[in-house]
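The values are calculated or read from the model by the stated rules, or taken from the named source; none is laboratory data. Nothing here was measured: the structure is a model prediction, and the numbers come from that model. Positions of Cβ are generated from backbone atoms using ideal geometry, with glycine treated the same way; all protein chains shown enter the neighbour counts. Areas reflect the complete protein model, heavy atoms only, side chains present, ligands, DNA and RNA absent. Shrake-Rupley method; radii C 1.70, N 1.55, O 1.52, S 1.80 Å.
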2 protein chains.
Amino acid sequence: MTPENPRERLLEAAGEIFAEKGFKGATVRDIIDRAGVNIAAVNYYFRDKKSLYIETVKHAACGESEDAHLAWAPGTPPAEKLRDLIRFQLLKLLDPSRPAWLSRLIMRELTQPSAACAELVREYIEPRSKVLLGILRELLPPGTPRRKLYLTAFSIVGQCHFYCSHKPIIRLLLGEDEYQRLDPATLAEHITQFTLRALGA
Amino acid sequence: MTPENPRERLLEAAGEIFAEKGFKGATVRDIIDRAGVNIAAVNYYFRDKKSLYIETVKHAACGESEDAHLAWAPGTPPAEKLRDLIRFQLLKLLDPSRPAWLSRLIMRELTQPSAACAELVREYIEPRSKVLLGILRELLPPGTPRRKLYLTAFSIVGQCHFYCSHKPIIRLLLGEDEYQRLDPATLAEHITQFTLRALGA
DNA sequence: TTGCTTTTGAAACGCTTGTTTCATATAATT
DNA sequence: AATTATATGAAACAAGCGTTTCAAAAGCAA
């Protein structure tokens, strides 16, 4: 499971800890402790903590991109593609069994950008935003202005990310029992229906 | 403008700096520097950094609550109330002239909750969530289940908060020019229309 | 083996952090 | 005015931080 390569082990451990505590909150001793390597390895394989962080974010984004190959048969109705996309995104954001630190690390980078942010947008955000915008172009009447496409995309992604970024508040508002009943499939269905009606489909 | 009371000055300065850098990222020397007081004042007026943080969040939430008195004449159509609510929220989230650190501090607490979180939800979140839920009860058919009300509320708030929490990414995606054109009024109108259509109004 | 490079380990170095100390200044009380 | 309580200031503290050092270990070519 865990790789032998110290460099890889550092990236894995750093991903978990940076995601959990943020850049400042995480200490290199925490990281090398979980990775099971000597502290000098940070300086040896990466130059310093900051470089380790940037490489970690890129590593996480790269690992996330792999499983994102949503491909539909030609002729698939755009509404169905939208539903798939939303469901897929929510599953990735909320499924606790998957290595959640990937999404959380990315989410953290999005809200408190560092040097890794621009690169992350280029490698990770833009490709999948292109997919969503493509679907919306099919759903909305031809000639819809670019701005409207983006605003609609933001409305969709905003709904999805809310359940991830505001998780603790939702839990407090709904109560633990009710919160447990919010499975990703239910949420995806709600957001899809909400969005499709908003688009007049 | 700035109060004479060292305690108040500390709360103001701490609000700005905690909002900007988070709890770990902010240093007490940063704070006492901006407040213009001696470092011993932190220990004197509050016990330590953590207590200062909790008091700061409560202080900020309290200050925010004051101007939240959205009162409508009886008989106002719920769609109009919704528009007002969304516009008001977006203005508070995005207007750079206002002391933005209030919202940002609260946002930060929501996504990375600490000891101050539960109290914040009780004092700050629940009251205004009640307002929104009340409007939705008017908009949606009677007998709509509680869960559906909440999901709808999350869809609305999620759309609004997205522009605040993902601001850097939006800027990168749209480009600086296009981003500058996104004034709160435009966004509020989009979200309102999007939501009203989704609700079939 | 020998000699060289690459990798690891334990320790220490500065530096910054939150916190404390204590002497002094200011205000309040009698 | 004298005395006590309150507030401030400058300095230092101990702990934790990122980073560096350097010698020993491991890998590898000749």
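Quick notes on this structure:
- Candidate set from the stretch B:34-43 (those that are more than 10 Å from DNA strand C (Cβ to nearest atom) and surrounded by fewer than 18 Cβ atoms within 10 Å (Cβ to Cβ)); member that is nearest to the other protein chains (Cβ to nearest Cβ): B:Arg34
- Extreme residue, modelled with the highest pLDDT, among residues of the stretch B:44-67 that are open to solvent by 70 Å² or more (accessible area, probe 1.4 Å) and away from DNA strand C (no atom under 11 Å from the Cβ): B:Tyr45
- Of the set (1) more than 16 Å from DNA strand C (Cβ to nearest atom); (2) in a loop (DSSP other than H, G, I, E, B); (3) at pLDDT 90 or above, all apply to B:Arg98 but (3).
- Residue identified as modelled with pLDDT under 80 and more than 9 Å from chain A (Cβ to nearest Cβ) among B:Ala116, B:Ala73: B:Ala116
- Cβ-Cβ distances below 8 Å connect the following pairs, each with a first residue in the stretch A:34-46 that is on the phi > 0 side of the Ramachandran plot, a second residue that is within 10 Å of DNA strand C (Cβ to nearest atom) and part of a helix (DSSP H, G or I), and a separation of six or more residues or different chains: A:Gly36/A:Arg9.
- Counting the residues of the stretch B:120-169 that are closer than 20 Å to B:Arg197 by Cα and among the acidic types (Asp, Glu) gives 1.
- Restricting the first member to the stretch A:1-21 and to residues that are without any contact (Cβ under 8 Å) to a residue 40 or more places away in the chain and assigned to a helix (DSSP H, G or I), and the second to residues that are open to solvent by 40 Å² or more (accessible area, probe 1.4 Å) and within 12 Å of DNA strand D (Cβ to nearest atom), the beta-carbon pairs closer than 6 Å and six or more apart or on different chains are A:Arg7/A:Tyr45; A:Ile17/A:Asp30.
- If you go through the stretch B:1-21 and keep only what is aliphatic (A, V, I, L, M) and within 13 Å of B:Ala41 (Cβ to Cβ), you end up with B:Leu10, B:Leu11, B:Ala13, B:Ala14.
- Selection from the stretch A:161-189 of residues that are facing another protein chain (nearest Cβ under 8 Å) and assigned to a helix (DSSP H, G or I): A:His161, A:Phe162, A:Tyr163, A:Ser165, A:Pro168, A:Ile169, A:Ile170, A:Leu172, A:Leu173, A:Leu174, A:Glu178, A:Leu187
- Some residue of the stretch A:73-82 being within 30 Å of A:Thr192 (Cα to Cα), open to solvent by less than 30 Å² (accessible area, probe 1.4 Å) and of a type in the set (Ser, Thr, Tyr): yes
Okay, residues lined up against (1) assigned by TED's automatic domain parsing to the domain that holds B:Leu133; (2) in a helix (DSSP H, G or I):
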residue	(1), (2)
B:Lys24	no, yes
B:Ile31	no, yes
B:Asn43	no, yes
B:Gly75	yes, no
B:Leu82	yes, yes
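- Identity of the residue in the stretch B:1-33, basic (Lys, Arg) and either away from DNA strand D (no atom under 14 Å from the Cβ) or buried (at least 20 other Cβ atoms within 10 Å of the Cβ) (or both), that ends up nearest to the other protein chains (Cβ to nearest Cβ): B:Lys21
- Verdict on B:Ser165 being surrounded by 20 or more Cβ atoms within 10 Å (Cβ to Cβ), out of contact with any Leu (no Cβ under 8 Å at 6 or more places or on another chain) and on the phi < 0 side of the Ramachandran plot: no
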